[in-house]
Structure formats: C-alpha cells, structure tokens
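Below you'll find the structure, written out as structure tokens, and then a few comments.
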Amino acid sequence: MEELIRKKNLYTCLATGASYCICALVTVILLGGFSHDHQLDAGGLGQFSFNLNGFLNPQGWSSLLPDLPLYGDGAGEGLAFAGTGVLLLLAVGSLCWLVSFIRSNAVRKYLKKTEARNVLPFVIIFIVSVIISFSHQLALGNKVLWEIPYPDRIVSLWGMFRSSGRFIWPAVYLVTLAAVVSSINVLYNKKMAAVALALALCIQIWDSSPQFRNRYAEFSRTQEYQSMLKDPQWGIWAKDKEHIVFVSFIIENQTVLYSLSNYAAENNMTINNFYFAHYAVRSDVEKALEENLKNPQKDTLYIYKIEDEELRSQTKMTYIPVDGIVVGVVD
C-alpha cells in the first residue's frame, strides 16, 4: 500500500500482493484445505455481525455507559467498544484539533499531502473492516436497516467467515491508535500529553474494572472437571464398544458433548462429530450417519436426546435411557 500511494510503484505493489497470495494458497493446499468439497455457507452470516452502534455499545464493559440493543443472538461477536478512556481521549483530541484548525485556518498545516498519504492506508483498512464486519445486513440496535442485495454467490462465499463481526477488531485498533496520536499531536507539551494519556488510562481501567474482576474470578479459581456419565453401564460398554455416533444434534449441549468425547478418548473410541469439527464436511458426516443407521453395528453406541423419539425407529436397536440421554445399542 505504501509503495502504491507514496512511491506510485504499481509493479512492486502487485508483485508483493501476488507473492503473498501464492504463499497463502500453497500453505492452504499443503494443510489439506482443498481435500473436501467445502460447504461455503456454514450459516449464521448476518447474525454474528457488527452493529452500527458497536463503537458506543459497551456490552457490559462500562460502568458509566449503558448497554445498547443488538440485533441477533450472536451480535456480541461484533464487540467494538474501545473503552471509555479511549473514547474520551479521541473526543478531546478531535475537539482540540478542530478548534486549532478553525482558529488558524491553515489547511496545509494540518492536512499536508504527505500526512494524507500516511493516513490514507489506515482509512482504507478502517472502511474495509467495517464493511466486511456488518456483512450483508446493516443493523442499528435491534432493527435491520438494510439487507444489501448482493448476488447469492457472494453471500455464499462470505458465509465461510460466518462470524463477520470479528472483522471490526482492526477498526477498533485504529480507533485506539487515532485517539493516542490525536491527543499527542494537539498537546505540544510532552508533559501535558503524558498526563492526558495517564488520566485516560486510569478512567479506562476504572470503568472496566468490574469486567476485570469477573475475568480474574473466572480464571483464578481451580477448575475441576465433572463428567455427567455416572452410570456403571458406561464401564461395561467400554469393554467391547469402539465407536460413538451422535444421531441427535448434540453439538450445542457441550456438557453432554464433552462428557461423551472425554469418555471416548479415555477408552480409545471414535466419535463422528465435535464442536470444533470442520463444518465444510458436514454433508459428509450426515451422509455417513445415514449409511451407518441403515446397518447399525454392535461395536457402536448411538446417542440420542430424550426428546428425539422420532429418530429412534431402528428395529435392530435397543434403546437405553442413561444419564439424561438415550443410548442405542445392537444386541
């Protein structure tokens, strides 16, 4: 970007970008990124996105500012609150800059061509980050203002990232950088700038202190793992079973998922799905499950939710309620 904007060296810029893309592509190939028919849209695009009130919405990270409404259950992924101290610093710096600008009326002093060239790449990064982060749904508060009519192909490709709200983080870093730089530039006295930065830091820490205390309490206490599998029947099954197959969708119930996965790991058993499993091969998982249920095996435990009675229709299986779930076994 610098080569293109400052030195106008298009060849170097294109060569650098192309070499980076080629290296990234080769790395993905070596890691098996194209070993499956990838499912582009994993679902959730627009739900886990940035909200237009995000820069002022603390989402629990401020004692002074109230939380603002959000659209979608996963909108917290677009947390973009830089902190009260940073926002105050940015507001004061911007106000001082504006007053000085109006009084001096010296455009060239504050907006030199070289300075504009330095700022432009950051502006481009900020704009691109914001556009990507709100995905194809532009939401303000708990309402969608505009669902941008992108072509289905673009939305599908975009869906690979799903949690698009996380792309706002570079913009938050730039807001923080702008707050610090603007305050230093308008306060020519280094001591005054240092005092302003220290004061903003104190406000930031004080305002966010409840969250810091919560994080400390959460991560400082001793965590003791408790499996939900208490029935002695699990020990009997471990002797001759080699596989666990989740027939019901267990992924969202992590207590059940981790207990069964830990049980499988301790007893050298396989599982057919997991929370961090790649969703690009979800169709392969479903197809393998369908084939497996046509001919259930004796060495496999089939896991069902209690409420999924319609799924328990295989006549070859015996269904056993145990520890809050139902296990299907072939006698």
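Quick notes on this one:
- Placing pseudo-labels 7 Å out from each Cα toward the beta carbon at Thr16 and Val195 gives an inter-label distance of 4.1 nm.
- Dividing the alpha-carbon radius of gyration of region 230-331 by the rule-of-thumb value 2.2 N^0.38 Å gives 1.00.
- Here the extension length gained between Arg221 and Asn268 equals 13.8 nm, from 0.36 nm per residue of separation less the Cα-Cα distance.
- With each label modelled as a point 7 angstrom along the Cα→C-beta vector, the Val26-Lys239 pair spans 5.6 nm.
- Magnitude of the charge dipole, region 140-231, Cβ model with Lys/Arg +1 and Asp/Glu -1, debye to 20: 260
- Centre separation in Å (Cα based) which lies between region 227-241 and region 125-175: 46
- Other-chain or far-sequence residues with amide H under 5 Å of Gly328's (modelled H): Tyr302, Ile303, Tyr304, Ile320
- Cα-Cα over 22 Å, subset of Lys230/Lys305; Lys239/Lys294; Lys230/Lys287: Lys239/Lys294; Lys230/Lys287
- Residue-level accessible surface for Met228, protein heavy atoms, 1.4 Å, Å²: 40
- Anisotropy class of region 130-231 from Cα gyration tensor, a/c 1.5 cut: oblate
- Derived from the Cα gyration tensor, the three semi-axes of the equivalent ellipsoid of region 189-242 are 55, 12, 7 Å, largest first.
The values are calculated or read from the model by the stated rules, or taken from the named source; none is laboratory data. Every value quoted in this text rests on a predicted model; they were computed, and no experiment measured them. Ideal geometry is used to build each Cβ from the backbone, glycine not excepted, and the neighbour counts take in all protein chains shown. We work out accessible area using only protein heavy atoms, side chains counted, and drop any ligands, DNA or RNA first. Shrake-Rupley method; radii C 1.70, N 1.55, O 1.52, S 1.80 Å.
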